[in-house]
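This report refers to the structure that appears directly beneath it.
The values are calculated or read from the model by the stated rules, or taken from the named source; none is laboratory data. Just so it is clear, the structure is predicted and the values come from calculations on it, not from any experiment. No Cβ is skipped: glycine too gets one built from the backbone with ideal geometry, and neighbour counts run over all protein chains shown. Just the protein is used for accessible areas: all its heavy atoms, side chains included, with ligands, DNA and RNA removed. Shrake-Rupley method; radii C 1.70, N 1.55, O 1.52, S 1.80 Å.
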Amino acid sequence: MRVLTIGNLTNFANIMVLNYIWIAFFVISFVIALVQLVIAVVRLIMYGDMTGFDIFPAMMDSTFSSAKTAFEISLGLTGVLSLWMGIMKIGEQGGVVRFMAKLLSPVFVRLFPEVPKNHPVTGSIFMNISANMLGLDNAATPLGLKAMEQLQELNPKKDTASNSMIMFLVLNTSGLTLIPVSIMVYRVQMGAAQPTDIFIPILLATFASTLVGVLVTSLFQRINLFNLPVMLTLGGACLLVAGVIWGVSTGFSALGEEVMQVIINTVTSFLLLLIIISFILAGFFKKVNVYDAFIEGAKDGFSTAVRIIPYLVAILVGIGVFRASGAMDWLIQGIGSAVSACGIDSDFVAALPTALMKPLSGSGARGMMVDAMTTYGPDSFVGRLSCIFQGSTDTTFYILAVYFGSVGIRYTRHAVACGLLADLAGVLAAIVIAYFFFG
């Protein structure tokens with residue numbers, strides 16, 4: 001007979017957390033919608049007012065539209081996944097990925113102790129993180145899925161997330177981005193007087209999110225970060241962040257916003273194309289049949305895109321129902337009331353919909369950000385803070401669904417907790433930094 005211990009209960013809670021969250025989306029949404037329906041009936045009896053009876057039709061409509069969106073996302077990913085997995089296959093056979101693995105081995109062997117030294121997955125992880133930092137989402141996702149497949153090959157329990165998988169996922173969900181081009185573009189479109197004034201706050205907030213994510217995951221996994229390679233890397237990352245802040249700030253002051261936007265877009269596109277050319281040339285000099293290697297990798301990309309469809313449908317439908325029921329609005333109102341009751345300045349509460357939506361839906365958070373700038377103005381405190389929220393973290397549940405779903409992971413262990421703690425750190429840092437810069 002197996003003894004039930006606190007440790008067993010903790011493990012059970014860890015592997016079931018995504019299941020509980022998904023159920024909660026539907027149950028909470030149904031209860032809140034039912035309350036609103038009762039209120040609507042009372043309003044009809046007392047005042048003859050017919051408003052509020054569209055709540056359940058809206059929720060059902062959201063299930064269909066969210067399922068369609070999930071399929072369209074997967075369909076849209078098919079070509080991009082095929083392209084980048086084909087390129088990565090050339091890089092593998094050409095020796096580029098192995099070279100990167102050797103270069104990064106001193107640091108990665110400590111953050112990912114389960115990964116053998118100089119394993120090709122190290123290069124894939126580096127490529128994914130680099131693409132994320134440059135804001136190249138279309139490249140980052142397929143590179144990340146490739147890395148997740150390689151980590152799954154090393155995973156002894158194929159249905160359970162390994163420590164390395166969780167560390168890699170947290171590095172993605174923390175959303176470290178050096179140049180938030182898309183957010184600055186939205187601010188330009190909304191007529192902000194200084195569209196780039198959120199650049200430094202976003203960089204600081206996303207760095208805080210990533211740092212906390214790594215620290216929390218290391219605590220869960222009992223990884224000792226106090227060693228020379230890791231400390232040098234963290235120090236180098238701090239210097240890199242400071243250098244980017246200085247360089248971009250100086251560039252915007254000297255050259256103007258439009259010129260710097262062109263420069264940033266050109267540099268990121270150049271780097272991306274340079275990677276493709278480097279991989280192709282490396283394969284050519286290694287006498288690899290580059291075309292066949294690309295086709296082989298592209299086939300894997302297609303099958304991966306098909307595998308993630310059920311996972312995306314599940315998570316996006318749950319989120320859609322939660323939003324359509326008005327549960328998100330109730331949550332925001334409750335937080336605002338609690339903050340005001342504590343005597344704390346509540347100006348930041350109006351921007352919280354972006355922060356709360358970001359872990360659930362990137363497009364939803366983007367919509368909340370645009371709505372905040374439209375309602376309060378792009379140069380208002382709320383408008384700026386919503387932009388910082390948008391750039392400080394990433395879509396945690398989307399990444400969980402896509403990355404773990406692509407390799408058939410069912411038990412996520414502490415991945416959700418670490419990812420959400422990193423998100424929380426990014427949100428808190430964004431609030432403090434926004435008050436420091438714009439309050």
> If you go through the range 212-231 one residue at a time, how many are part of a helix (DSSP H, G or I), touching a residue at least 24 places away in the same chain (Cβ under 8 Å) and among the hydrophobic types (A, V, I, L, M, F, W, C)?
Replying inline: 5
>> So for the range 329-344 (the condition being outside any loop (DSSP other than H, G, I, E, B), at pLDDT 85 or above and touching a helix residue (DSSP H, G or I) at 6+ places or on another chain (Cβ under 7 Å)), does at least one residue qualify?
In response: no
> Among S303, S340, which is the only one that is of a type in the set (S, T, Y) and more than 30 Å from T78 (Cα to Cα)?
Replying inline: S340
> Out of A365, A401, which single residue is in contact (Cβ under 8 Å) with a residue 12 or more places away in the chain, under 17 Å from F322 (Cβ atoms), in contact with a Lys or Arg (Cβ under 6 Å, 6 or more places away or on another chain) and not in a loop (DSSP other than H, G, I, E, B)?
Replying inline: A365
> Given (1) within 27 Å of S218 (Cβ to Cβ); (2) open to solvent by less than 20 Å² (accessible area, probe 1.4 Å), where does D394 come up short, assuming only one miss?
Replying inline: (2)
> Can you pull out the residues in the range 404-424 that are in a helix (DSSP H, G or I) and open to solvent by 20 Å² or more (accessible area, probe 1.4 Å)?
Replying inline: A417, L420, L421, L424
> What are the residue pairs meeting all of these: first residue in the range 412-439, first residue in contact (Cβ under 8 Å) with a residue 60 or more places away in the chain and among the polar types (S, T, N, Q), second residue part of a helix (DSSP H, G or I) and surrounded by 23 or more Cβ atoms within 10 Å (Cβ to Cβ), Cβ atoms under 7 Å, and 6 or more apart or on different chains?
Replying inline: T412/L400; T412/F404
>> Show the residue pairs meeting these rules: Cβ distance below 8 Å; 6+ apart or different chains; first residue within the range 31-42 and among the hydrophobic types (A, V, I, L, M, F, W, C); second residue assigned to a helix (DSSP H, G or I).
In response: I32/A327; I32/W330; A33/I55; A33/F56; A33/M59; L37/I55; L37/F56; A40/I55
> Looking only at the range 313-345, which residues are open to solvent by less than 50 Å² (accessible area, probe 1.4 Å), without any contact (Cβ under 8 Å) to a residue 60 or more places away in the chain and not hydrophobic (A, V, I, L, M, F, W, C)?
Replying inline: G334, G336
>> Looking at L215, L203, can you tell me which residue is modelled with pLDDT of 75 or more, open to solvent by less than 10 Å² (accessible area, probe 1.4 Å) and either of a type in the set (A, V, I, L, M) or more than 23 Å from T393 (Cβ to Cβ) (or both)?
In response: L203
> Which residues, counting only those in the range 159-200, are among the hydroxyl-bearing types (S, T, Y), outside any loop (DSSP other than H, G, I, E, B) and at pLDDT 85 or above?
Replying inline: T160, S164
> Applying the selection to the range 96-137, what residues are small (G, A, S), at pLDDT below 80 and touching a Gly at 6+ places or on another chain (Cβ under 9 Å)?
Replying inline: A101, G123, A131
> Mind checking which residues of the range 299-312 are assigned to a helix (DSSP H, G or I) and either surrounded by 21 or more Cβ atoms within 10 Å (Cβ to Cβ) or among the acidic types (D, E) (or both)?
Replying inline: D300, G301, T304, A305, Y311, L312
> Taking the range 288-298 on its own, how many of its residues are surrounded by fewer than 22 Cβ atoms within 10 Å (Cβ to Cβ), in a helix (DSSP H, G or I) and not aromatic (F, W, Y)?
Replying inline: 5
>> Please determine whether any residue of the range 31-43 is open to solvent by 90 Å² or more (accessible area, probe 1.4 Å) and either at pLDDT 85 or above or touching a helix residue (DSSP H, G or I) at 6+ places or on another chain (Cβ under 8 Å) (or both).
In response: no
> Filter the range 346-389 for residues that are among the small types (G, A, S) and closer than 16 Å to P195 by Cα; which is surrounded by the most Cβ atoms within 10 Å (Cβ to Cβ)?
Replying inline: S386
>> Could you tell me how many of the residues in the range 105-118 are open to solvent by 40 Å² or more (accessible area, probe 1.4 Å) and either touching a residue at least 24 places away in the same chain (Cβ under 8 Å) or assigned to a helix (DSSP H, G or I) (or both)?
In response: 6
